[in-house]
1. At 20 °C and a viscosity of 1.002 mPa s, what translational diffusion coefficient does Stokes-Einstein give for the range 3-82, taking Rh as the Kirkwood radius over Cα pairs? Give it in µm²/s as a whole number.
2. If you take the beta carbon distance between Ser28 and Ser276 as r and set R0 to 35 Å, what does 1/(1 + (r/R0)^6) give as a FRET efficiency, to the nearest 0.05?
3. Can you return the lysines within cross-link range of Lys284? Criterion is Cα-Cα under 21 Å, with same-chain partners fewer than 8 residues away left out.
4. Using only the Cα atoms of the range 70-218, what semi-axes does the equivalent ellipsoid have when each is the square root of 5 times a gyration tensor eigenvalue? Give whole Å, largest first.
5. Once you place label points 7 Å from the Cα toward the Cβ at Glu121 and Glu215, how far apart are they in nm?
6. For the chain, what is the convex hull volume of the alpha-carbon atoms per residue, in Å³?
7. Pull out the extension gain between Arg67 and Glu152, defined as 0.36 nm times the separation in residues minus the alpha carbon to alpha carbon distance; nm, one decimal.
8. For the pair Glu138/Glu195, report the inter-label distance in nm, with labels modelled 7 Å from Cα in the Cβ direction.
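Values quoted throughout were computed directly from the atomic coordinates according to the rules given, and no laboratory measurement underlies them. Worth saying up front: this structure is predicted, and the values here are computed from it rather than measured. Note: ideal-geometry Cβ built from the backbone for every residue, glycine included; neighbour counts use all protein chains shown.
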Amino acid sequence: MNLRDLRYLVALAEHRHFGRAAAACFVSQPTLSTQIRKIEDELEVALVERTPRKVLLTECGREIALRAREVLNEIEQIRAIARRTRDPESGTLRLGIFPTLGPYLLPHVVPQLRERFPRLELLLTEDKTEAVLKRLREGQLDAGILALPLHEDSLHTEFLFEEPFVLATPDGHPLAHKKELRLADLADHNLMLLEDGHCLRDQALEVCQLAGAGEKSGFRATSLETLRQMVAANVGITLLPVLAVHPPVAQTGNVHLVPFRGTPPSRRIAMAWRKSSAMTGFLKRFAAVFRELPPALLRVDAETPRPRPRRAAA
């Protein structure tokens, strides 16, 4: 049994299909199937239940595939140590980030990263928090930018910044005409939220609970841009993180942004990586670039309240 065979088994565990696993390993299906048979013969146990429609790993197969993935991760760590020793700021960094942050943060940071680490190849993966955490645990990502708390004992977290929320309302909404909001001003209002799986949904629900607000029924958005457009269409109000309302994000008509007074509701953003990572020293320097965001990007100044539009006479 060699590292190539372990990769075949891990691919089969991930794809649950001989053809897709073979394609992921850039070999033919008969080649992958033959090597899996050889592993079973060598270990004298069945690793795979072969059915006409799908592939299931036996309990033994799942456990061995899990250990095989750990072995492959350790091998990659050995290679990473060698790369970082030769040139600490070169090589590839696989970074995960969640979709309600990535498009709004990265334009402000990537130019500085390229200037600071010109030899670094940065591979970005955008996915929901749980998927990023899974890929981190399995060694498919080197680091992730996520919202705290994480509750992952295997990960080191490096705090980056705190991002406040603002309220987005249509121009004609009663709350649009306040210069600043108190959290209690949201009481008895219903907010539009994202669908399940987005950490921003959980954060917004916490704000709703503290404020005595509710969720607008019958609607759950798939993205921040959908929420923004629904506000513009007078469907309702929502919370937006401040990075999502600064350029290069285009302004949207009929969307009024109202900041909170005092300490606003917010989310805490951190970079996380495995405690066992060979890249820890470099990742600390990498994370420091994210902490250099201009302070103006993390606030929205109060706007002058606009008068409510008059209704036309009947």
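1. Working: Rh = 12.8 Å.
Translational D for this selection: 167 µm²/s.
2. Values: r = 35 Å, r/R0 = 0.99.
Given R0 = 35 Å and the Cβ-Cβ separation, E is 0.50.
3. Lys275
4. On the way: eigenvalues 301, 65, 28 Å².
Largest first, the range 70-218 gives 39, 18, 12 Å.
5. 4.2
6. Numbers: hull volume 55.9 nm³, N = 314.
With only Cα atoms used, the chain gives 178 Å³ per residue.
7. Details: separation 85, 0.36 × 85 = 30.60 nm, distance 1.95 nm.
Full extension of this stretch gives 28.7 nm more.
8. Here the modelled spin labels are 2.1 nm apart.
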